[in-house]
Each structure stands twice: as C-alpha cells, then as structure tokens.
Amino acid sequence: MKLPSYLFALLLLSLTSFGQDINQLYLRGKYRAECPMEVMDKASFRHCELCPFVSVSKSDNTSMISEIQLDFGTDSLTLNQRGKFTTVPYTRDTNDLSIRFRFSEKDYFFRVFIHNDQYILESADGLLMVLTKAAEK
C-alpha cells in the first residue's frame, strides 16, 4: 500500500525539478534598454519616456530615441540616461515579476515578459522597453 504513495511522491519531485527557479528570472545586474515606438497614426508616435528623445544632427533636424542603461540591484534600480545616473528604490511582485518604482515624480509599473535572452517590460500605458543583458567586463 505504501509503494504507490512513494511512487507518486517520486513523480511529483521529478516534475518539479524540471521547472525553473523563479528567483533566477528576476532582473539582476546591468541591462541595455531600448524603447520601441508605437505608431499612433501616420503623423504621430509615442514611446516610453524613460528613453530620452535626443537630437542627432542640428543641421538636418534629425532626432532619435536614445537607449538607456539599467542596473537592477536587490531593491534599487540605477538608471543611466546619457550619463545622468539616478538610483531609485523599486519593488517586484513575487508572483508575476512585475516591478514598480517612482522616477521624476511619476509612478511606473511594468509587467515583465521573457523572450529568449531578452526581457520585455510593458508599462501600464502599453509602452515597451526591450532589455538586453549588458556584457560583463
């Protein structure tokens, strides 16, 4: 009678051992973040405002969305926006990995998606940030 119980316990242990530890999925360390544009209509677009819109050439009035660097610590996030470093506390939901923080008088909430070796953050407004792990030096 005990043999089926042991077999069932062994089966459960083997199934759970193949799952990935949720702690390994948390954002940790340095990432390069890019903010894709959302086309609103044929004359306008929007992007996550954490990535600054910068002038590339004054002569032909060309601009682009600049990437930023993010460094996730255990409970703080450092943003590097073109050499301007700001560190803010952040919290993460242990169930779905979503993150929250306050930056420049605005509250940010991002859902987290994982695609291959990239993280994709989606803001409450539906705007995206694509994070790629920075190369270790």
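Here are a few things to note about the model shown:
- When the alpha carbon gyration tensor of the stretch 95-137 is reduced to an equivalent ellipsoid, the three semi-axes, largest first, read 20, 14, 10 Å.
- Taking all protein chains together, S123, S44 sort by accessible area into S44, S123, largest first [probe 1.4 Å].
- Where trypsin sites (Lys or Arg not before Pro) fall in DSSP loop in the stretch 76-122, at most 16 other Cβ within 10 Å: R82
- H115 accessible area, 1.4 Å probe, all protein chains in place, Å² to nearest 10: 100 Å²
- Those aspartates and glutamates that a straight Cα-Cα span of less than 18 Å connects to K30, excepting residues fewer than 8 apart in one chain: E67, D71, D75, D117, E136
- Sorting S66, S76 by accessible area puts them as S76, S66; the probe is 1.4 Å, largest comes first, and only protein heavy atoms count.
The values are calculated or read from the model by the stated rules, or taken from the named source; none is laboratory data. Given the structure is predicted, the values throughout are model-derived calculations rather than measurements. Backbone-built Cβ (ideal geometry, glycine too); neighbour counts: all protein chains shown. Ligands, DNA and RNA are excluded from the accessible area calculation, which covers all protein heavy atoms including side chains. Shrake-Rupley method; radii C 1.70, N 1.55, O 1.52, S 1.80 Å.
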